[in-house]
Amino acid sequence: MINNHKSVRWRRIFSCNLLFLIFTLPIMAQDLLVTGKVTDGHLPISGANILIKNTKNGVVSDFDGRYSITAKPTDTLLVSYLGYTTLTIPIQNRTTIDVALQEDATALGEVQINAGYYTTTDREKTGSIARITAKEIETQPISNPMAALQGKMAGVNITQSTGVPGGAFNIQIRGTNSLRADGNTPLYLVDGIPFGTENLGSTLISGAVLTGYGINPLNSLNPKDIESIEVLKDADATAIYGSRGSNGVVLITSKKGKPGKTKLNINSYSGIGSVSRKLKLMNTQQYLIVREQAFINDGFTEIPFYAYDINGTWDRNKYTDWQKELIGGTAYTNSTQATFSGGAENTSFLLSGTHYKETTVFPGDFEFSKKSVSFNINHSSTDQKFELLLSSNYLADTNDLLATDLTRQAYTLAPNAPEPFNSDGTLNWENSTWDNPYRYINEKYLAQNNNLISNAMLQYQPSKEWSLKLGLGFSDSQLQESKASPHTIYDPSYGLSSKESSLTLNDAKMQSWNIEPQIVFHKTILSGTVNALIGTTFQNRTRKQNGLYARGISNNNLIKNLAAASNISALGTNNTEYRYNAVFGRFNYARANKYFLNFTGRRDGSSRFGPGKQFANFWALGAAWLFSEEHIFNQNKSWLSYGKLRGSYGTTGSDQIGDYQFLDTYSLSGLNYQGNTGLKPTRLFNPNFSWETNKKMELAIELGAFNDRLMLSIAHYQNRSSNQLVGIPLPGTTGFPLVTANLDATVQNIGWEFEMQGRIVRSDNLNWTTFLNFTVPKNKLIAFPNLEGSTYRNKFIIGEPLDITKVYHYTGMNPQTGIYEFEDVDGDGLLTSANDRKKIISSAPKFFGGFQNNINYKNWQFDFLFQFTQQLGRNNNYLGDLPGVASNLSVEFNNAWSAVGDESNIQPYSTGINANITTAYNRFTTSDAAFSDASFVRLKNFSISYTLPKSFSSIVESSVNIRGQNLLTITKYNGPDPENQSVRLPPLRIFTFGLDLNF
Amino acid sequence: MKTITKLNFAYIILIINGITLLNCEDFIEIDVPDSQLTGETVFNDISSAEAAVSNIYSELSNNTLVCGNNKGVSILLGSYSDELQTYNTGIPEFVFFQNNLTSFNASVTSIWNGSYNLIYATNAVFERLKSSTAIPINDKERILGEALFTRAFIHFYLNNIFGEIPYITTTNYTINSKVNKSTTPEIYSLLIADLEEAKLLLASKTPSPLKLRPSYNAVKSLLARIHLYHENWEDAKNEANAVINSESLVWIESLESVFSKNSSGTIWQLMRNQEGLPTYEAQSFIFTLAPPPNRALSNVLMDAFEPEDLRKEVWTGHVKSEENIWYYPYKYKQIVTDGESSEYSIMFRIEELYLIRAEAQAHLGELEGARNDINKVRNRASLSNTSAETKHELLNATIKERRIEFFSELGHRFFDLKRTGRFNTTLTPTKQGWDATDILWPLPDSELLLNPNLLPQNAGY
């Protein structure tokens, strides 16, 4: 398969090269050759645009700021550069024109923001679009691009669920909209091509080491190849994505070559990572006290034979910090990227190759590595009528891990547990008295993932007003996962042989293509500007998945060889196809540079719905009023330099329900009877369901003061998602708990988003910009017919957020017995889950945000980002085991209650046989005492870089940098890590040293 | 210049038209996935139709109602009555042992939902197969008969556990979601109707190898049982007679072989999800540690064995500690996975028909016949002939014999106590939590919320 891929790739690159050769034809000579240098007053500006006014002819300044352009002596040059005021310079027969650009305070109107099918600017946008660029992504030593968004955007909440390489990030754009946990994924597009984030992995294989469904597909994108990531939030921005825009849209744009000098950039860093936060666990003495007391409490007069940890079988004086041994290692990160880019007036290209490698903090040799090649070429005809953009990304990653995350072992293993290895290096089973955690090192998880995304955009502009576009995309992902479990992971005293070794395989592929023709219209009508487009999309995606389980391996060295297995069984095949078709359009009208109206709409058809239900319409209307442009503000030259009111309303939808749900099918049950594999009815047959709809409303005000040195934006949104595709709850007499249908349930997300940007210091040598974003979300279930009779009854409450847990209310300890007590809500004298777990805990963040600073001082650049969240989370009371069983504990469980009058709030220990203590403890773990404040402030990212002075080398512009992730966490949380809140590996603290060379 | 613009404009209109036309429904029509089958295709082919039926048996033996793990009645009703003692407070059957069920109980809900899911599957088989023309008539009749039998079998258990329940005969969920309870006489006549039809369909069909599918004899056995429960002694006797005299069944003399998968006394049995696995019964009951980790046979049951009863030796196992001894059911003995299973879970065996006939005969005044049938069962267990003489004594002797013969099997004990009205007198002294209303399990709370037509809830909940 891999070979096949390579050949496809090479063919692609070869054909690209051909195009490149064809289009790099000599340019026709003109009357006058104008040359010069563009500077900011001191330093050269490379990449500035020099355009001949009223034509499309232009060039870009090179590395030294130099340019040359042929023009008529009467022409006028327009010189522009991002963040600088554009200058208009008549040539007036000169052949040398040096230009000094002034930094522009109000650059709002210049930065092109990608809105998917069109671009806009901060000034003109009518919708809510957040954005980060390569500049910000590059300061972070990360492998998953989602990590770059953490803490950067209002309304976008991202959490890292595990520190294991290849793990997933949970992303929520303006809250949870769907009642189905798997129906809340945003739509991802890479260069306009839908990027399938449905995991191809199998939890059977990766479940013990990675969260979610194995390796996260977004790891297949290389952060360093990304030019910008835009997140579309409100109806105005997302309605053009119609049915798939309900949960927001993430647009990922890859870097493109720019005309100018051919450049080679080499960027490399190496770093070390370690677990950012450790639990304070008991030492051996403390642990032994707990255990001995537990046996005393349980009425043992002597320690039984099976309590190896305290009866002398194990060394009672030994102490091992298992956190240090099992998850305390150093993960080494190494990344190198070379980018070769450049271009002439009409053609530019970029070619980059990246190698990234990351080892783990676990013992043993494990690593995640990825290699990627990215290529794109851009060509336009001399008359600018034709334009062609071709890009292709290929990434292969290998995740070689142990199949089990050792974090739980590290937290729970007795501190006096035996030496893991014998003197000869073999696993020590200490006469079968423990399950040596190092056995997991022998059980390997291996994922190999190949991902190709390629697209082409052809554009033809017959006149100034019209242009035709054709977008073509193709993507292919292949994942092969395996878990090899040799019999050596079990205690040899069982007498097992390689007959008990097993191999689990998952082989999955997903292929998709799309075609998107569009017509774009641009014209000045009635002293306003009209921008309009209409287009259509065809998308097809096929997915194939196969699982195999092999056991009875003749020799462990052959564990990967299916031929060596005596018994192979199929775990099922899942082949699906998804087709999608839409017509979309946009009509934008701008008048007098202060009134903006934007109408977008889409008619969508999806194969996920039955006949007659496949199509639906979505639309949105957005408007903006730049009131600062009104006469009254302009006249007074007030402190208010920019002011805009904007609002939008519209609908989006979701078809994230899985394929074929409307079909009447039988599926394989996996149960064998008389040698036949059983077939069972898959579901109740109902072809009459349709889209979930999300009505989104937003109002926002954007202000700029003191010449835009201070910018503020406040947005309020209200999204109501209804027609939920959870299915209608049915009584069991129908044979099924529900029938797939649109349930008239409504989920509301309301929120406030604040964003502030201040350019605190602006001078020649020092620039200091600070950004603050802050979000207050509120999620609420507004309606759910028949909730009490549905399978969701214990999960949701009308009027409460979706992520609630119903728990007992802990009322304290019984002063006589020291047993935990809980509120008996219905007063029947019994504590029952159904009647007394009535306290509602919501673990959704109350607010979250980020605070970023970029400071530039001469050649130095400092960037740092604090991320903060206020939330409740499950603490050690939930995550630990019953105090007294053979499992280590957080030190807060020291000093249990022992007699009347004790001040302790820890109930007496038990080894699990005291029913009162055990039952009370189980309730305790499902009570409000198992939740506590998990708010945190985290120094998410820190970066210092120093650009070496020109004198250092004349051919290389180089800089060195020191960067870090998750460097500091301030929290009161009594649990492992406030971000992932589990016994999974916490996010790592990473330090890197890097070098950036520009030739 | 103008003409060019006009031309361009025309092109653009053409393209816009094209785009709107391209938005076609044909494109998003997809084929059925090749990893699933539509309901229609399943019943156009004999092997897939068989797979749809045999999955119902798999579910019964692995996942619900009559399965041998703690999701089935052998354990749940065994603990609920006086057969099993629970030693683990953390397992779901503990509240059954305490007779402390609520309408929120997950095991109750899962038996209810699991059973009706299988009833749906039998109805789906019945409805679809009836209209299928691709299946040979002989196979078609046999499968239809099996489906009807299975539908009756599940309803019969539900009726005895929950009392009045809806009798579901269609897959239409709009009807089934608003369905009313059927009264016990209605259920009885529906059961009889289904089974009489199944009898006709299965009459001349060759039984499945190893009795892994319900046969003509199985239908008659269930009929005998139902008639017995409804006190139609004559019919019960006649159906039992027919089964006992059937040529394909032979009484087994050796207690050791009664539960072997080749046993000639077996009428219908179910296999696990994979050949070679032990039965769930063996896996759930057999223990080697003291005290028992989960469950053991109750003392009252062990005390009910007559001293020389061979069944105590052959069909129970035990673990001793210094002071105590605990017994477990050892009818099913295979405990490790092997190349081939040596036992399957038996649903009907010939011994039951003898005891049904004994009871029916006693009621009909045919005391000698009743005595002979009881002795047939007793003698095999090395017990002397019964001392019972009168009708009343013989009836008591049958119930006692049933208790010992069928202990830990499919809730026989609980149903016997219930149908003979002995539950209060028997269970009140031995079971602390027993109330008269415990005779029925609660209907799942969610069920009543979603379909108020099923109200009222059973008394006591």
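Coordinate-derived values only; no laboratory data. Small disclaimer: the values here were computed from a predicted structure and weren't measured. Positions of Cβ are backbone-derived with ideal geometry, glycine not excepted, and every protein chain shown enters the neighbour counts.
Using just its DSSP H runs of length 4 or more, each adding -39500 (n - 2.57), the protein assembly as shown gives a mean residue ellipticity at 222 nm of -6500 deg cm²/dmol after division by all residues.
The spacing between the stretch A:494-536 and the stretch A:937-971, judged by their C-alpha centroids, is 34 Å. Projecting the Cα atoms of A:Asn399, A:Ile377, A:Thr262 onto the charge dipole of the stretch A:249-400, computed from C-beta unit charges around the Cα centre, puts A:Thr262 farthest toward the positive end. Each Lys and Arg Cβ is given +1 and each Asp and Glu Cβ -1; about its Cα centre, chain B then shows a dipole of about 460 debye. For A:Lys72, a cut-off of 19 angstrom between C-alpha atoms picks up these aspartates and glutamates, skipping any fewer than 8 places away in its own chain: A:Asp31, A:Asp98, A:Glu345, A:Asp383.
Relative contact order of chain A, please, whole-number percent, based on alpha carbon pairs below 8 angstrom and at least 6 residues apart. Relative contact order for chain A comes out at 11 percent. Going from the fewest other Cβ atoms within 10 Å to the most, the residues B:Ser321, A:Ser276, B:Ser115, A:Ser463 appear in the order B:Ser321, A:Ser463, A:Ser276, B:Ser115. Rounded to the nearest 20, the Cβ-based charge dipole of the protein assembly as shown about its Cα centre (Lys and Arg +1, Asp and Glu -1) stands at 5160 debye.
In the structure shown, the pairs A:Lys280/A:Lys972; A:Lys469/A:Lys523; A:Lys125/A:Lys594; A:Lys224/A:Lys509; B:Lys199/B:Lys220 are assessed against 19 Å; a Cα-Cα span above that value is assigned to A:Lys224/A:Lys509.
The mean count of C-beta atoms from other chains within 10 Å of the C-beta of residues in B:120-127, rounded to a whole number, is 3. Taking the charge dipole of the stretch A:871-999 about its Cα centre, with +1 at Lys and Arg Cβ atoms and -1 at Asp and Glu Cβ atoms, the residue from A:Gln871, A:Val956, A:Phe924 reaching farthest to the positive side is A:Val956.
Peptides A:710-722, A:87-99 ranked from most to least packed give A:710-722, A:87-99, packing being the mean of other C-beta atoms within 10 angstrom over each peptide's residues. The residue among B:Ser182, B:Ala203, B:Ile192 whose Cα reaches farthest toward the positive pole of the charge dipole of the stretch B:182-227, with charges on the beta-carbon of Lys, Arg, Asp and Glu, is B:Ala203. Its Cα centre serving as origin, the stretch B:21-76 has a Cβ charge dipole (Lys and Arg +1, Asp and Glu -1) of approximately 620 debye.
If you average the C-alpha positions of the stretch A:755-792 and of the stretch A:298-336 separately, how far apart do those two centres end up, in angstrom? Going from one Cα centre to the other spans 43 Å. Relative to the first principal axis of the alpha-carbon coordinates of chain A, what is the inclination of helix A:284-297, with its axis defined by its Cα atoms, in degrees from 0 to 90 and to the nearest 10? For helix A:284-297, the angle is close to 50 degrees. Computed from the alpha carbon atoms alone, the convex hull of the stretch A:331-419 holds 113 Å³ per residue. Across the stretch A:390-398, rounded Karplus estimates of 3J(HN,Hα) from the backbone phi angles (6.51 cos²θ - 1.76 cosθ + 1.60, θ = phi - 60°) give 10, 9, 8, 10, 10, 9, 10, 10, 10 Hz, Gly and Pro being marked x. Mean partner shielding of peptide B:37-48, defined as the number of other chain Cβ atoms within 10 Å of each residue Cβ, is 3. Long hydrophobic helices in chain B, taken as whole DSSP H segments with a C-alpha length of 15 Å or more on their own axis and mean Kyte-Doolittle hydropathy at least -0.5: B:2-22, B:46-62, B:106-131, B:137-162, B:184-202, B:216-229, B:350-364. Summarising the strand pairing of the protein assembly as shown, around 95 percent of its internal DSSP beta bridges are antiparallel.
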